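The values are calculated or read from the model by the stated rules, or taken from the named source; none is laboratory data. The model shown is predicted, which means the values in this text are computed figures rather than measured ones. Cβ: placed from backbone, ideal geometry, glycine included. Neighbour counts: every protein chain shown.
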């Protein structure tokens, strides 16, 4: 594990140093191959200690003997009762241990019996389990915050913003800005409630738009009533909320009927960017169609569309990088197969800065974990939706240019895995889900003419002994994958 950390992230980080002592890390900011290796090692009883977020214990059936809970809070929010019971239920798995222990690591819980003691008491009582939630339902429920200075309750008018979004869409952004400015002046402690509520509001509406577009693209006539009742939010809602949810779906359908061309419905449904972002991106593709079609390779396309990737990405970190020209350089390094450590070293040498309001100067040098997030989630996930949407729009506007769509599809693969070679990508897709490992196997197999998956499996089987020798100094997960090919 330490070797894998070293070759991915270098040796000047806590991940590598902890792995040398037999302590392993698992969270969303760690690359996929390392997470898989840790999960496999736990299942096979090859490691003794893993420091992780609650996601690992909740999502994977693991033989946990001791669960040490460091806090009742995660990411600033109290653990949900249901999640806590899911966690503690993972200790002492049948067939592995006769019993398991849950250790609360906060000493104040035992010494003073203060508010922390009460928090854990609530968590231990299953009767305190929270109701199921739905973001669809949340957008029809009032968002309220209490102003600390006046004790006044303010309801944020998302219902009015909903009407403006679909009936006066040209005024929507202006109304958002005005509301944000008003809250900043009068109710500073409510701006965070507004921003978090706005994020749920807009993401949920975009999801509903995509949901309706999917049905619309495959049906001649849209039955809104039937579509609405299939949603979980509608199932949870009371009568008044059900009426409001139906009104949202009806409002979106009317907007589609009046403002989106029938031939765009199918294209927009494939983009999964929602109605407004898809329409805006279509306009950009129309204005840049000649340059896109004239691109010689996927690198040229990437340089041309990088600003669109930044604008339409859901990953906030992409927007926080101060010099936007640096993002293009980092993306090229990523798809060229450069290691995280190499990309991070470049960031240090060129002093790549990101916005940080917590510092006096409001910016600072990017960190290694942020480089990992930028590559894995920014380039490897969020940007793919944008690139794929651009490819679909090009094909819709210029049906005879299928070769450009092939380039955008290949660019999506390169961004997804951070690899430039088709053979390496194929190896990665066969379960060797680490860039270092995929490149090593590719080198061992030698030059190939991009075989199919079945042909690649055959080549791996023929070279199993050599590959086993190559992989023996890496986590057992990859040897297990090798034997199962």
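This table checks each residue for (1) closer than 16 Å to residue 143 by Cβ; (2) modelled with pLDDT of 90 or more; (3) not assigned by TED's automatic domain parsing to the domain that holds residue 392.
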residue: 154; (1), (2), (3): yes, no, yes
residue: 184; (1), (2), (3): no, no, yes
residue: 202; (1), (2), (3): yes, yes, yes
residue: 207; (1), (2), (3): no, yes, yes
residue: 213; (1), (2), (3): no, yes, yes
residue: 233; (1), (2), (3): yes, yes, yes
residue: 251; (1), (2), (3): no, yes, yes
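Taken over segment 59-74, the criterion of being loosely packed, with under 14 Cβ neighbours inside 10 Å and in contact (Cβ under 8 Å) with a residue 24 or more places away in the chain is satisfied by 61, 66, 68, 70, 71. Screening 87, 161 for residues that are under 28 Å from the mean Cα position of the chain (by Cα), in the same structural domain as residue 245 (by TED's automatic domain parsing) and either buried (at least 17 other Cβ atoms within 10 Å of the Cβ) or at pLDDT 90 or above (or both) leaves exactly one candidate, 161. The single condition from (1) within 29 Å of residue 282 (Cβ to Cβ); (2) surrounded by 18 or more Cβ atoms within 10 Å (Cβ to Cβ) that residue 456 fails is (1). Among the residues of segment 121-146, the ones that are part of a helix (DSSP H, G or I) and touching a helix residue (DSSP H, G or I) at 6+ places or on another chain (Cβ under 7 Å) come to 8 in all.
Taken together, 408, 350 contain a single residue that is surrounded by fewer than 22 Cβ atoms within 10 Å (Cβ to Cβ) and modelled with pLDDT of 90 or more, which is 350.
Given the condition touching a strand residue (DSSP E or B) at 6+ places or on another chain (Cβ under 8 Å), surrounded by 15 or more Cβ atoms within 10 Å (Cβ to Cβ) and either at pLDDT 90 or above or assigned by TED's automatic domain parsing to the domain that holds residue 7 (or both), answer yes or no: does some residue in segment 367-374 qualify? Yes, the conditions are met somewhere in segment 367-374. Of the strands (runs of 3 or more DSSP E) lying entirely inside segment 18-120, those carrying at least 2 residues that are out of contact with any helix residue (DSSP H, G or I) (no Cβ under 7 Å at 6 or more places or on another chain) and farther than 21 Å from residue 372 by Cα are 66-69, 101-104.
Every residue, every condition in (1) touching a residue at least 60 places away in the same chain (Cβ under 8 Å); (2) assigned by TED's automatic domain parsing to the domain that holds residue 402, yes or no:
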| site | (1), (2) |
| --- | --- |
| 271 | yes, no |
| 275 | yes, no |
| 281 | yes, no |
| 295 | yes, yes |
| 298 | yes, yes |
| 302 | yes, yes |
| 305 | yes, yes |
| 310 | no, yes |
| 314 | yes, yes |
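Taken over segment 181-230, the residue count meeting the criterion of being over 16 Å from residue 145 (Cα atoms) and not in a helix (DSSP H, G or I) is 9. Filtered by the rule that a residue be under 17 Å from residue 262 (Cα atoms) and surrounded by fewer than 20 Cβ atoms within 10 Å (Cβ to Cβ), segment 208-250 gives 210, 211, 214, 215, 217, 218, 219, 220, 221, 222, 223.
In segment 201-222, the residues that are in contact (Cβ under 8 Å) with a residue 12 or more places away in the chain reach residues that are part of a loop (DSSP other than H, G, I, E, B) and crowded, with 20+ Cβ neighbours inside 10 Å with C-beta atoms within less than 6 angstrom, at least six apart or across chains, in these pairs: 201/139; 204/139. Within segment 306-324, being part of a helix (DSSP H, G or I) and either at pLDDT 95 or above or in contact with a helix residue (DSSP H, G or I) (Cβ under 9 Å, 6 or more places away or on another chain) (or both) holds for 306, 307, 308, 309, 310, 311, 312, 317, 318, 319, 320, 324.
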